[in-house]
Amino acid sequence: YMHCEMTCAALEAGKHVQCEARMAMNATEAHTMLKASQAHPHLVAQIVPSPLTFRVDTMIQELMADGYIGDLISLKARGTVAGFSNPDGPLHWRHQKSLSGMNIQNMGIWYEASMRWVGPASRVYALTRVCVGQRRDANTGQMGTADVPDYVEIVADLENGGAATYEFSAVSGLAPGPSAWIFGTAGTLHYDHSSQTLYGGKAGDTELKAIEIPADKAGAWRVEAEFVGAIRGEEEIRLTDFTTGTKYMEFTEAVTRSAESGQAISLPLTDIHT
């Protein structure tokens, strides 16, 4: 909830900014931060990126560019956390919109990662549920409201013509861990996050097989190095610039708007003013 205020103040003071993700409380704050960074183009502005898929990102991008899957049909991403609904669990700031804004669980980091492969969404329809609405604050001992959803399902159109479904849940019982699937007319890619393994198969195959990722294509964490390199003028921020951060915050807000209204929401949002 302090990201926007502190980022804008730092930029105004002539300081480079590396901001922890998620970028902001909502799309309006994200646009305010983007506008502030554009007003100071000599300063580096970076959002700490989603690291969930670093190892496989380059390989997926190259396989898709080379036609491995053919034409994209759909993406399916599941950011689920195994566990049952627990009314005795403590109240965390991530359960409270007043502190975490419209961000829901790991929705933003999975959407950011998926944009690297299939691009942004153009329309979103979402359904959410809060399964445990009251939790005890461990600091005060008092019960407090938990109003960030425990469960969300999203169906989306992609700008490139494909479709996408996303599921994020903290009440998934004994479900398997996070994963992503990319389906095309000629092939399938599957990323299992728990094992950090990429699988693939082509039309005519009978099963998926693990895809070896050469060392020079296996991405890794170098967020601080990229930030320092950009300040020194040695490289540009790729993961993640404020423009990309603003896109995932628009998606985040679109999910909330859709869940509250029961309507599909088009992207990019056209009513954001800063």
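Every condition in (1) touching a His at 6+ places or on another chain (Cβ under 9 Å); (2) over 27 Å from Leu158 (Cβ atoms) holds for Ala82 except the one numbered (1). State the number of residues belonging to the stretch 227-256 that are open to solvent by 40 Å² or more (accessible area, probe 1.4 Å) and farther than 24 Å from Gly108 by Cα. Residues flagged as open to solvent by 40 Å² or more (accessible area, probe 1.4 Å) and farther than 24 Å from Gly108 by Cα within the stretch 227-256 amount to 6.
Among the residues of the stretch 237-270, the ones that are farther than 16 Å from Leu34 by Cα, assigned to a loop (DSSP other than H, G, I, E, B) and either among the charged types (D, E, K, R) or in contact (Cβ under 8 Å) with a residue 60 or more places away in the chain (or both) come to 3 in all. Please determine whether any residue of the stretch 179-200 is surrounded by fewer than 18 Cβ atoms within 10 Å (Cβ to Cβ), on the phi < 0 side of the Ramachandran plot, assigned to a helix (DSSP H, G or I) and without any contact (Cβ under 8 Å) to a residue 24 or more places away in the chain. No.
Under 20 Å from Ile69 (Cα atoms) and open to solvent by 50 Å² or more (accessible area, probe 1.4 Å): does that describe Glu153?
Here the answer is no, as Glu153 does not meet what is asked.
The values are calculated or read from the model by the stated rules, or taken from the named source; none is laboratory data. Here the structure is a predicted model, which means the values were calculated and not measured. Glycine also receives a Cβ, built like all others from the backbone with ideal geometry; neighbour counts cover every protein chain displayed. For the accessible areas, the whole protein counts, side chains as well, though only heavy atoms, and no ligand, DNA or RNA atoms are used. Shrake-Rupley method; radii C 1.70, N 1.55, O 1.52, S 1.80 Å.
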